[in-house]
Each structure stands twice: as C-alpha cells, then as structure tokens.
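Data first, discussion second: the structure below is written as structure tokens.
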Amino acid sequence: MTDSERLLVAAIVGRPNVGKSTLFNRLAGRRIAIVADTPGVTRDRQEAMASLGELQFRIFDTAGLEEAAGETTEARMRAQTDRAVRDADVVLFLIDARAGVTPLDAHFAQALRATRKPVILLANKAEGRAGEAGVLDAYALGLGEPVALSAEHGDGLVDLLEALRPHAPSETETVESEAFPEGMPDDGDAALPAGPLQLAVVGRPNAGKSTLVNRLLGDERLLTGPEPGLTRDAISIDWQYEGQWIRLVDTAGMRRKARIEADLERLSVRDSLEAVRMAQVVVLLVDGERGLDRQDLTIAAHVAEEGRAMVLAINKWDSVTDRARRLKEVEERLETSLAQVRGIPIVTLSALTGRHVDRLLPAVMQQYARWNCRLPTAQFNRWLAEMQEQHPPPLVSGRRLRIRYGTQVKARPPTFALFVNKADDLPESYLRYLANGLRQTFDLTGVPLRLMTRKGKNPYAPD
Ligand code: GDP
Ligand code: GDP
C-alpha cells in the first residue's frame with residue numbers, strides 16, 4: 001500500500017487563477033475530517049500525497065508549469081495537458097464558477113477531451129450563490145456533470161471524493177473494504193449512490209450531541225471504531241444501518257469536551273458550520289428544554305444555504321413538560337425563519353433515555369433519498385406546463401414570461417434549470433411557487449431546491 005505507483009494519480013489543471021494551488025493545498029497531506037490549520041504546503045512544491053475520506057492518492061499541481069512554459073497561453077496549456085496525460089490517471093480540471101466559462105476554459109476542455117483521459121470537471125469558487133450560474137454553464141463544456149467546489153472553503157470535497165472513487169485502482173479499494181467489512185452496497189442498488197451517507201450531528205453546546213451519538217452507536221452496534229488517524233481533531237465513525245453505510249463525519253460535541261475555550265458558544269457554531277461542509281445530511285439537535293433559539297436558526301439557515309439535507313431533532317423530550325406547545329413553537333419558528341425549505345422533518349426524542357431515538361435514522365435516510373432524487377425531464381416538463389397553466393408567470397413590460405423548458409441539472413441538492421423566453425429573471429415569488437409545487441408533487445418535502453433561470457432554449461438538448 002505504501003508503493004506510490006499503485007496509488008491513483010490526479011493532475012490539477014486549468015487556466016491561471018482558477019484556484020489550482022488552493023485546491024492542491026487543500027488536498028495535500030490533509031484528511032478531510034481534520035479542520036485545524038496545519039502549515040500550508042508551499043506553492044513551489046508541485047507533488048504531494050493527498051487524502052480525501054478513505055481515499056489516498058497522489059496529486060500534482062500544474063500551476064508551476066505556467067511560469068515555466070513560456071509566454072503564450074497555448075504553450076502553458078499544452079505543457080499542463082501534456083504533463084497530465086503523461087503522468088496522471090485522472091485529470092481534475094478547474095474552472096472559476098464565478099467568472100463562468102471563458103474561451104480559454106473551452107479550449108482547455110477541447111484539448112482534454114481529445115486526450116481521452118478521464119476528466120473530472122470542477123467548478124471552483126462555487127461557495128454561496130455567486131457560482132451557481134457558472135456551475136450550470138460548465139455543462140456546456142461537454143465533460144459531464146461538474147462538481148461544484150470551493151477549494152478555499154472546503155465545500156464540495158465529498159462530491160469530489162465520490163467522483164474520484166471510480167478511478168481508484170483496486171489496491172486503493174482494499175482500503176475501503178477494510179473500512180467496510182461487510183462490503184459496500186453495489187452500484188445501481190436502488191437510486192442511491194454507493195458511498196456512505198455522510199452524517200453530521202450539530203447543535204449548540206449541551207444540546208446533547210455526545211449523548212445522542214453514543215446512543216446511536218450503542219443501538220446500531222459500532223462496527224468500526226474511531227480511526228486513530230482522525231482522533232486528533234475530529235472523529236469519523238462508520239456503521240451500517242438497514243444496509244446503508246453511514247459515516248458520522250463530525251462530532252463537534254465530542255471533541256469540544258477535550259478543550260477549554262472561553263468563547264464556547266462561538267466556537268461551537270463555527271464547529272457546526274465546518275461539519276456541515278463535510279456532511280450530506282445534517283441532524284440539527286436542539287435542546288428541547290430551551291427550544292429553537294437564534295443560534296440554532298443560524299446553523300439551520302447555513303445548512304439550507306449549503307444545500308444539505310436536514311433533520312431537526314428536539315432532544316431532552318423526557319424533561320419537557322408542555323410538549324404540544326413546545327413542538328408548535330419550534331415548528332412555527334422554523335417555518336417563518338426558514339421559509340426557503342418547507343417541511344423539514346422534526347423528530348422529538350430523548351438521547352438520555354433512548355426514547356424515540358429509533359425514529360431519527362429513518363428520517364435521515366428519507367431526506368437523503370429525497371436529496372438524491374432525479375426527475376426525468378419529460379415528467380418535469382409536463383409538471384412545469386401544468387404549473388404555468390394553473391398560475392401563469394407575470395407580464396414583464398407587456399410580454400408574458402414563459403418557461404419554455406426545464407431540466408434537472410444535478411442532484412444533491414436537486415437543482416433545476418429553467419429556460420425562459422426573456423432575459424428578465426422570474427420573480428422570486430414565482431420561483432417559490434414552483435419550489436413549493438415541486439416539493440408537493442414529487443415528495444421533496446424539507447429538501448433544499450435550487451431553481452436557476454436562463455434565457456433561451458435548452459442548450460443541452462441534441463439538435
Ligand atoms: P491558480 O493560479 O489556479 O493556482 O489559483 P490560486 O490557487 O492561486 O487561486 C487564485 C485566487 O482564487 C486566489 O486569490 C484564491 O484565494 C482564490 N480562490 C481559490 N479558490 C477559491 C474558492 O473556492 N473561492 C473563492 N472565492 N476564491 C478562491
Ligand atoms: P453536547 O454538548 O451537545 O455534546 O451535550 P451532551 O451530550 O454533553 O449533553 C449535555 C447535557 O444534557 C448532559 O448533562 C446530558 O446528560 C444531558 N442530556 C442529553 N440528552 C438528554 C436527554 O435526552 N434528556 C435529558 N433530560 N438530558 C439530556
């Protein structure tokens with residue numbers, strides 16, 4: 001396993017300034033679960049061991065070649081491409097999602113397609129909303145579904161890991177099968193992806209996170225203990241529930257215990273935000289004795305913004321006296337403060353006594369499945385037509401806006417492109433109408449949805 005020749009080798013390529021070095025540093029010598037700052041790898045070092053989740057691989061950054069390869073952009077591009085083709089198993093091709101697809105990106109894409117090397121298209125700088133359009137544009141490069149990434153913030157690394165996995169040589173897979181003794185479910189098993197469901201339990205200090213995690217693991221029989229390599233700062237735990245591997249990616253509540261920090265509240269929210277980035281489904285644990293407060297809502301809003309699936313668990317239900325009132329209060333606060341994600345499931349439980357803890361994972365699995373949903377285009381368009389008939393989009397300077405065509409461009413979270421006859425965006429209220437309709441019609445309750453409008457016809461349909 002130490003023989004580096006047997007490891008997957010990935011080249012990082014792209015035009016200058018898209019974030020190649022940032023990604024390199026992010027991946028180099030760090031484990032995904034470790035959030036503490038370690039001294040960065042310097043820019044002139046072009047090769048490094050990388051690890052993401054269970055996957056160990058080698059990376060090289062071609063940013064240095066830009067200076068070496070001389071003046072012309074073509075020369076630099078060629079140098080990068082040649083090197084990647086010669087030395088890599090897979091190419092990580094970055095574009096800047098904020099800048100959108102530039103002519104140089106398109107050239108690069110063409111050169112890479114011609115090499116027939118596997119390419120993973122990364123739309124970098126995609127944190128927040130600013131990169132959404134760029135992610136959508138990236139489809140036009142003809143390199144498949146782009147992975148939305150933020151090298152700087154560490155978002156999207158889980159998706160990158162998933163994109164890399166199929167390219168890993170079998171030696172590397174052994175690492176995985178050690179971690180998953182019963183064997184992972186095969187690809188194509190239902191609609192769900194084969195990898196583990198990445199789960200984070202977050203919440204304020206004292207909400208009961210440690211108690212809940214211990215309870216969950218106790219109930220579900222822990223198969224793999226905390227990995228020694230990860231215990232310094234974070235713990236990653238894998239176990240199986242109803243045939244689905246679940247990886248607990250962050251246990252802020254557990255590691256906080258080892259620290260003495262003055263500003264516990266702030267630290268805890270920061271921990272939670274970090275955990276959200278690594279997770280696919282987030283359980284926001286709320287102290288039922290206190291109800292849903294401002295900090296809980298900050299975390300919840302962040303989860304929605306990041307497009308993760310969420311389950312709200314109200315803990316300490318054993319010691320809540322006026323349960324009906326408390327539940328109603330939480331539901332109402334959630335609906336008003338988080339109107340963009342209607343119907344987040346709420347589970348009341350007691351981590352301490354174990355009561356109703358068994359309701360949590362089914363809710364998690366359900367949200368995970370919804371979050372992974374892919375709607376067939378024909379069905380989606382039939383639905384769009386009906387929605388527009390029932391409630392037509394508004395007039396803009398005397399002309400009616402019309403959605404000509406729509407398609408789901410990605411899952412996790414479900415993201416849809418709508419092609420409109422005019423450049424003006426559909427008003428926010430109409431998008432909300434559609435999002436709520438989608439949730440109702442296609443059983444997507446409580447899942448963050450992305451709707452993006454474009455002018456024109458469907459650019460991806462074969463002519
Ligand atoms: P390279 O020339 O491709 O190696 O790009 P660098 O890694 O040097 O990054 C170029 C600039 O983009 C730097 O200012 C980075 O801080 C910034 N950058 C890199 N990744 C991200 C990201 O995910 N989001 C944002 N907003 N900026 C990023
Ligand atoms: P963390 O800071 O979120 O990890 O919270 P802990 O798991 O350390 O729990 C904080 C406190 O709440 C401890 O005293 C727990 O015993 C208590 N606690 C946790 N779960 C429950 C519960 O379901 N009911 C009650 N009554 N107390 C609980």
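The values are calculated or read from the model by the stated rules, or taken from the named source; none is laboratory data. What you see is a predicted model; the values in this text were computed from it and never measured. Cβ: placed from backbone, ideal geometry, glycine included. Neighbour counts: every protein chain shown. SASA here: full protein model, heavy atoms, side chains in, ligands and nucleic acids out. Shrake-Rupley method; radii C 1.70, N 1.55, O 1.52, S 1.80 Å.
In the set 384, 401, which member is modelled with pLDDT of 90 or more and open to solvent by less than 40 Å² (accessible area, probe 1.4 Å)?
Details: 401 fails: modelled with pLDDT of 90 or more.
Matching residue, one of 384, 401: 384.
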- Message: Which numbered condition in (1) within 13 Å of ligand 2 (Cβ to nearest atom); (2) open to solvent by 10 Å² or more (accessible area, probe 1.4 Å); (3) at pLDDT below 95 is the only one that residue 308 fails?
- Response: (1)
- Message: Checking residue 159 against (1) assigned to a helix (DSSP H, G or I); (2) open to solvent by less than 50 Å² (accessible area, probe 1.4 Å); (3) touching a residue at least 60 places away in the same chain (Cβ under 8 Å), only one condition comes out false. Which one?
- Response: (2)
- Query: Within the bounds of the range 437-452, is there any residue that is hydrophobic (A, V, I, L, M, F, W, C) and either at positive phi or in a helix (DSSP H, G or I) (or both)?
  - Reply: yes
- Task: Starting from residues that are away from ligand 2 (no atom under 12 Å from the Cβ) and part of a loop (DSSP other than H, G, I, E, B), keep the ones in the range 275-297 and report whichever is modelled with the lowest pLDDT.
- Result: 279
- Query: residue 415: closer than 24 Å to residue 162 by Cβ and in contact with an Asp or Glu (Cβ under 9 Å, 6 or more places away or on another chain), yes or no?
  - Reply: yes
- Pairs under 6 Å by beta carbon, first residue more than 10 Å from ligand 2 (Cβ to nearest atom) in the range 314-330, partner open to solvent by less than 50 Å² (accessible area, probe 1.4 Å) and in a loop (DSSP other than H, G, I, E, B), six or more apart or different chains? 326/320; 329/291; 330/292
- When the range 78-107 is checked residue by residue, the ones that are in contact with a strand residue (DSSP E or B) (Cβ under 9 Å, 6 or more places away or on another chain), open to solvent by 10 Å² or more (accessible area, probe 1.4 Å) and within 14 Å of ligand 1 (Cβ to nearest atom) are 96, 98, 102
- Task: Would you be able to say whether some residue in the range 332-349 is within 17 Å of residue 217 (Cα to Cα), open to solvent by 10 Å² or more (accessible area, probe 1.4 Å) and touching a residue at least 40 places away in the same chain (Cβ under 8 Å)?
- Result: no
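Hey, any hits in the range 354-369 for a residue that's free of Cβ contacts under 8 Å to residues at least 24 places away in the same chain, open to solvent by 70 Å² or more (accessible area, probe 1.4 Å) and either away from ligand 2 (no atom under 16 Å from the Cβ) or over 30 Å from residue 294 (Cα atoms) (or both)?
Our first condition is that a residue be free of Cβ contacts under 8 Å to residues at least 24 places away in the same chain; within the range 354-369, this holds for 359, 362, 366.
Going one step further and asking which of them are open to solvent by 70 Å² or more (accessible area, probe 1.4 Å), we end up with 359, 366.
With the extra rule that they be either away from ligand 2 (no atom under 16 Å from the Cβ) or over 30 Å from residue 294 (Cα atoms) (or both), the set shrinks to 366.
Yes: one or more hits.
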- Task: Taking residue 313 as the residue in question, decide whether it is away from ligand 1 (no atom under 16 Å from the Cβ), farther than 17 Å from residue 209 by Cα and in contact with a Leu (Cβ under 8 Å, 6 or more places away or on another chain).
- Result: no
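If you take the residues in the range 122-140 that are away from ligand 1 (no atom under 15 Å from the Cβ) and of a type in the set (A, V, I, L, M), which one is farthest from residue 82 (Cα to Cα)? First the steps, then the outcome.
Initially, the range 122-140 is screened for residues away from ligand 1 (no atom under 15 Å from the Cβ), giving 136-137, 139-140.
Those still in the list that are of a type in the set (A, V, I, L, M) too: 136, 140.
Working: 136: 28, 140: 23 Å.
For the range 122-140, the residue satisfying everything is 136.
State yes or no: is residue 321 open to solvent by 30 Å² or more (accessible area, probe 1.4 Å) and not in a helix (DSSP H, G or I)? It would help to see each step written out before you state the result.
Numbers: open to solvent by 30 Å² or more (accessible area, probe 1.4 Å): yes; not in a helix (DSSP H, G or I): yes.
So residue 321 passes the test.
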- Item | Candidate set from the range 9-22 (those that are touching a strand residue (DSSP E or B) at 6+ places or on another chain (Cβ under 6 Å) and within 12 Å of residue 93 (Cα to Cα)); member that is nearest to ligand 2 (Cβ to nearest atom) | 19
